[in-house]
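Here is the structure we will look at, set down as structure tokens.
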Amino acid sequence: MASQDWFDKDFYAILGVSKDASDADIKKAYRKLARKYHPDQNPGDAASEAKFKELSEAHSVLADPEERKEYDAIRAMGSGARFTAPGGGGGAGGFEDVFGNMFGGGAGRGGGTQYTFRQGGGGDYDDLLGGLFGSGRFGQTTGGYRGFGGPTRGRDVTASTTLDFLTATQGDRITLQTSEGREITVNVPAGVADGQKIRLRGKGHPSPDGGEPGDIVLTVTVRKHPVFERDGLNLRVTVPVTFAEAALGATIQVPTLGGEPVKLKIAPGTPSGRVLRVKGRGVHTNKGTGDLLAVVQVAVPSHLSKDAEEKLREFVSELPDENPRDDLLAKARRSS
């Protein structure tokens, strides 16, 4: 950036902030305007591209404490000043006027000390100003946005973690360690599913030039539970019942995830595979609450005593002479 720009341009006005704006206010104003005028949002719009470059130039100066201090000092000299090369005439507004005011000389207007500035060869105007205000050359701006002058965003980091079923279902606050040994805290939302990704804003790589840091994209693996399965927001559990309970009806206990068992009524004649629903005992999230789905499984005894076997045969002889597979066989024949 040429030093003349610092006299001509009001970077505070360009960003729409006051001269005593905080660093946070400047950053916020720049981000808002940069999104609006970014060339990616306005393809082929030369005016927007020019505005974006102007915003980036203003931000690169005001976001740097040292450059902002130099800018404020130069602007305080007076916005009407003009830099002219040596020998360019004795008109007002040249280097002599600026430094005459600083050192009390009033050079070029009779009396006082005369100053001569040599252009080029390591003694140019930017070096001189940099020496006066404690910095290097003017015109050093950060990169970013592939040549558009704004700060670049840090790179995202991909990571993975494995959660137990209860933590994934009910949510929790956990601590993870990055490959660099840095600890980060993660709020696991209730109901996170196996394979789901959680984005941790601002936890990725830092920006190389003062922009926003990247994110960590965390892929979650959920361990299987020995009893429960996820079915959306519902939880499924297979509940064994005896033949007598299924045939005659009964009230049984069914486990819940992380809580006390609940009582469930089995109606007489309940077949194996029937799904019974317990309202509100599934996964609780801010999007809703699921149910507990109990799948009935009739358990067949593997060993019968001689007496029990004889009584069971007597029971079977009293049943109607019907085949429960007749309907299945008929449907198969019709579809063949």
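For VAL217, all conditions in the list (1) in contact (Cβ under 8 Å) with a residue 40 or more places away in the chain; (2) part of a strand (DSSP E or B); (3) within 30 Å of ASN187 (Cβ to Cβ); (4) outside the structural domain of ARG201 (by TED's automatic domain parsing) hold save one; what is the number of the exception?
(4)
Looking at GLY258 and the list (1) surrounded by 14 or more Cβ atoms within 10 Å (Cβ to Cβ); (2) touching a residue at least 60 places away in the same chain (Cβ under 8 Å), which single condition is not satisfied?
(1)
Please go through (1) touching a Phe, Trp or Tyr at 6+ places or on another chain (Cβ under 6 Å); (2) at positive phi; (3) of a type outside the set (Asp, Glu) for GLY258 and return the number of the only condition it doesn't satisfy.
(1)
When you look at VAL278, is it surrounded by 15 or more Cβ atoms within 10 Å (Cβ to Cβ), over 30 Å from GLN170 (Cβ atoms) and in contact with an Asp or Glu (Cβ under 9 Å, 6 or more places away or on another chain), yes or no?
Numbers: surrounded by 15 or more Cβ atoms within 10 Å (Cβ to Cβ): yes; over 30 Å from GLN170 (Cβ atoms): no; in contact with an Asp or Glu (Cβ under 9 Å, 6 or more places away or on another chain): yes.
It is false that VAL278 is surrounded by 15 or more Cβ atoms within 10 Å (Cβ to Cβ), over 30 Å from GLN170 (Cβ atoms) and in contact with an Asp or Glu (Cβ under 9 Å, 6 or more places away or on another chain).
Quick one: would you say VAL298 is surrounded by 11 or more Cβ atoms within 10 Å (Cβ to Cβ), touching an Asp or Glu at 6+ places or on another chain (Cβ under 9 Å) and farther than 26 Å from GLY191 by Cα?
Numbers: surrounded by 11 or more Cβ atoms within 10 Å (Cβ to Cβ): yes; touching an Asp or Glu at 6+ places or on another chain (Cβ under 9 Å): yes; farther than 26 Å from GLY191 by Cα: yes.
Judged against the criteria, VAL298 is a match.
Here are ALA267, ALA247: which of them is surrounded by 13 or more Cβ atoms within 10 Å (Cβ to Cβ) and without any contact (Cβ under 8 Å) to a residue 40 or more places away in the chain?
After applying the criteria, what remains is ALA247.
Only one of these conditions is not met by PRO226: (1) assigned to a loop (DSSP other than H, G, I, E, B); (2) surrounded by 17 or more Cβ atoms within 10 Å (Cβ to Cβ); (3) modelled with pLDDT of 90 or more. Which number is it?
PRO226 satisfies all of (1) assigned to a loop (DSSP other than H, G, I, E, B); (2) surrounded by 17 or more Cβ atoms within 10 Å (Cβ to Cβ); (3) modelled with pLDDT of 90 or more except (2).
The values are calculated or read from the model by the stated rules, or taken from the named source; none is laboratory data. The shown structure was predicted, so the numbers you read here are calculated from the model rather than taken from an experiment. Note that each Cβ is placed from the backbone with ideal geometry, even for glycine, and that neighbours are counted across all protein chains shown.
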